[in-house]
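Notes follow the structure.
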Amino acid sequence: VGKPMFTKDRIYDETPPGVVMGLAWTAMGGSTLFVESVNHALTENKEARWEMSGHLGDVMKESGRIALTYAKRFLRGLDEKNDFFDKAQIHLHVPEGATPKDGPSAGCTMVSSLISLALNKPVKDRVAMTGEITLIGKVLPIGGVKEKTIAAKRAGIRHLILPDDNRRDFDELPANIKEGLLVHYASTYQDVYNVCFGDSTEKKEEEDK
Amino acid sequence: VGKPMFTKDRIYDETPPGVVMGLAWTAMGGSTLFVESVNHALTENKEARWEMSGHLGDVMKESGRIALTYAKRFLRGLDEKNDFFDKAQIHLHVPEGATPKDGPSAGCTMVSSLISLALNKPVKDRVAMTGEITLIGKVLPIGGVKEKTIAAKRAGIRHLILPDDNRRDFDELPANIKEGLLVHYASTYQDVYNVCFGDSTEKKEEEDK
Amino acid sequence: VGKPMFTKDRIYDETPPGVVMGLAWTAMGGSTLFVESVNHALTENKEARWEMSGHLGDVMKESGRIALTYAKRFLRGLDEKNDFFDKAQIHLHVPEGATPKDGPSAGCTMVSSLISLALNKPVKDRVAMTGEITLIGKVLPIGGVKEKTIAAKRAGIRHLILPDDNRRDFDELPANIKEGLLVHYASTYQDVYNVCFGDSTEKKEEEDK
């Protein structure tokens, strides 16, 4: 009954900088969800700007603002001289445009999208994530772990990032659902960053052998 | 019952730069839908501006913003020195003004309208298109392929651009509907561009002989 | 019945500057509530800015504005040369983003968060507070003293700051609830400040021995 809210599991085979795969929980079950960010400032001397689209509810819009504020801080921590956000005119979009979306659980995905854009560096291959972010970078637990995990697997994901406080939800899943997935738990955004851009994924692969 | 949502199939015989024919799916069946963009900056040193009209719903308005952001990127890819969008005061209108319109499926049409305006180059003759666009230029599938195809044919269209993921919907149509139409499938906007402004249309004509 | 509105008692073990623990009163009982403030101005010569998030109702948003106005005054009283609020682009967030929050009782918590940010000095360890603030710094009584006290204790709080006019509400609580908590009554924000940043906590510890 009804039609799936997201018609495709993967609209990207490889994600360019600024594009990150998240996971959504809908009335129809879990699904993947992409966050796309681009900088459309054409000339150097522009005022920074921010815009969101994708039929987003108020909580998700706030989540985007929190992601922006936090991404600025986090980037400064990585490289004090990187003034990307000072001049960027950022448009963040969540396809598909006709599907209403809400909730805070794409927070980590949005931060990763912005950091990927600022660094001009794609997120590692076959990584998907879910988790609310706070202004200071804490990762808070989310709902729908089972449905989201199934969606991640269906989309061919290898590395799944979950909030540390959802550890038990994942542990309790049947073995056949978890099979083939490497799970990474995050309590702060730094943990998410390590998987997306660092070498945590390689380490996990080693352990898995 | 009710009155047709779009009263004419063709309000343009030849489309000037900035005007592109899209296809809509309404309660009354399919219909054509034009997107018109103009630059109303009178002097050089103006701030860029953006305005939409046509009784558009929120999703379609967002779709217009996505089209603008993407068109900027795409134009830069075509010609790095073209600063059209830096100074343009663009008004994008979708006639007919009394008819409420919504949904993301005019995304490709709006990008084409903006690129046509920026290049000051009309879209090729007898081309119509439908497809959602993402911020990175992916073309996502739409609904109402049958109704839209019938409307395209009724309007004398020769080249029909559909999202690649709607391939099966078109294949399943009866032969008498498809007859006389050359269909082009697009997975990214580049595919749409090639038909509208490149030589893909000529190639198809050749193949069709 | 229902699920707890705040899933965790402590999302912070140690609070960095700008983060302060408040106490909320919900339909499900009391709970802790963090206020997070950051300054995301990247360069010196920026316009001061203010932004709030966390699914806040109108009364709580106003409470945030009052906190900002009062914190500016209070900081000037501490150090006339501190021009922090003159250039800061402040984002104040109250996790968790999906939980609607309202009411004026986080006023003191928000002022403390802003003062902590401006001084770049964390609030003392294991302090939680509740109380409405007026524009002149009066602390007004709040509801839910019992539920908030239980939540504070459950979260491992040592120093509980309550409005002076809630003195009787606390006195009437059973001894087993009050055990282990040092209560501080505030009639103006200066009293709150003394506990958070001054030496009032040490004095209380002494008295308690």
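The values are calculated or read from the model by the stated rules, or taken from the named source; none is laboratory data. These numbers were taken from a predicted model, which means no experiment stands behind them. Reconstructed Cβ throughout: ideal geometry from the backbone, glycine too, with neighbour counts over all protein chains shown. For the accessible areas, the whole protein counts, side chains as well, though only heavy atoms, and no ligand, DNA or RNA atoms are used. Shrake-Rupley method; radii C 1.70, N 1.55, O 1.52, S 1.80 Å.
Overview of values
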{"read-out": "Scan of the range C:20-37 for residues that are more than 15 Å from C:V94 (Cα to Cα) and either within 14 Å of chain A (Cβ to nearest Cβ) or in a loop (DSSP other than H, G, I, E, B) (or both), ordered by number", "value": "C:A27, C:M28"}
{"read-out": "C:D208 at pLDDT below 95 and open to solvent by 30 Å² or more (accessible area, probe 1.4 Å)", "value": "yes"}
{"read-out": "Selection count, the range A:142-156, where residues are modelled with pLDDT under 95 and open to solvent by less than 10 Å² (accessible area, probe 1.4 Å)", "value": "1"}
{"read-out": "Enumeration of residues in the range A:30-62 that are in contact (Cβ under 8 Å) with a residue 60 or more places away in the chain and either touching a Phe, Trp or Tyr at 6+ places or on another chain (Cβ under 7 Å) or open to solvent by less than 20 Å² (accessible area, probe 1.4 Å) (or both)", "value": "A:G30, A:S31, A:T32, A:L33, A:F34, A:V35, A:E36, A:S37, A:V38"}
{"read-out": "Subset of the range C:99-133 that is more than 21 Å from C:K148 (Cα to Cα) and over 13 Å from the mean Cα position of the chain (by Cα) - its residue that is surrounded by the most Cβ atoms within 10 Å (Cβ to Cβ)", "value": "C:A118"}
{"read-out": "Among the residues listed as B:L162, B:L173, the single one being in a strand (DSSP E or B) and surrounded by 15 or more Cβ atoms within 10 Å (Cβ to Cβ)", "value": "B:L162"}
{"read-out": "Near pairs, Cβ below 8 angstrom, 6+ apart or cross-chain, from the range A:135-150 (over 27 Å from C:H93 (Cα atoms)) to any residue that is part of a loop (DSSP other than H, G, I, E, B) and among the hydrophobic types (A, V, I, L, M, F, W, C)", "value": "A:K146/A:L173; A:T149/A:L173; A:T149/A:L181"}
{"read-out": "Boolean, B:F85 is surrounded by 14 or more Cβ atoms within 10 Å (Cβ to Cβ), among the aromatic types (F, W, Y) and touching a residue at least 40 places away in the same chain (Cβ under 8 Å)", "value": "no"}
{"read-out": "Conditions (1) modelled with pLDDT of 75 or more; (2) open to solvent by less than 40 Å² (accessible area, probe 1.4 Å); number of the one not met by A:A27", "value": "(2)"}
{"read-out": "Subset of the range B:38-86 [within 9 Å of chain A (Cβ to nearest Cβ), among the polar types (S, T, N, Q) and in contact with a helix residue (DSSP H, G or I) (Cβ under 9 Å, 6 or more places away or on another chain)]", "value": "B:S63"}
{"read-out": "The listed residue being over 22 Å from C:A71 (Cα atoms) and either β-branched (V, I, T) or touching a Lys or Arg at 6+ places or on another chain (Cβ under 7 Å) (or both), out of C:R154, C:R158", "value": "C:R158"}
{"read-out": "Checklist (1) modelled with pLDDT under 95; (2) under 22 Å from A:L75 (Cβ atoms) applied to A:D125, failing item", "value": "(2)"}
{"read-out": "Criterion: within 14 Å of chain C (Cβ to nearest Cβ), surrounded by 17 or more Cβ atoms within 10 Å (Cβ to Cβ) and closer than 30 Å to C:P16 by Cα - qualifying residue of A:V183, A:V139", "value": "A:V139"}
{"read-out": "From B:R126, B:R154, residue being in contact (Cβ under 8 Å) with a residue 60 or more places away in the chain and either among the hydrophobic types (A, V, I, L, M, F, W, C) or over 24 Å from A:G54 (Cα atoms) (or both)", "value": "B:R154"}
{"read-out": "Residue within the range B:101-122 that is more than 14 Å from chain A (Cβ to nearest Cβ) and of a type in the set (D, E, K, R) present", "value": "yes"}
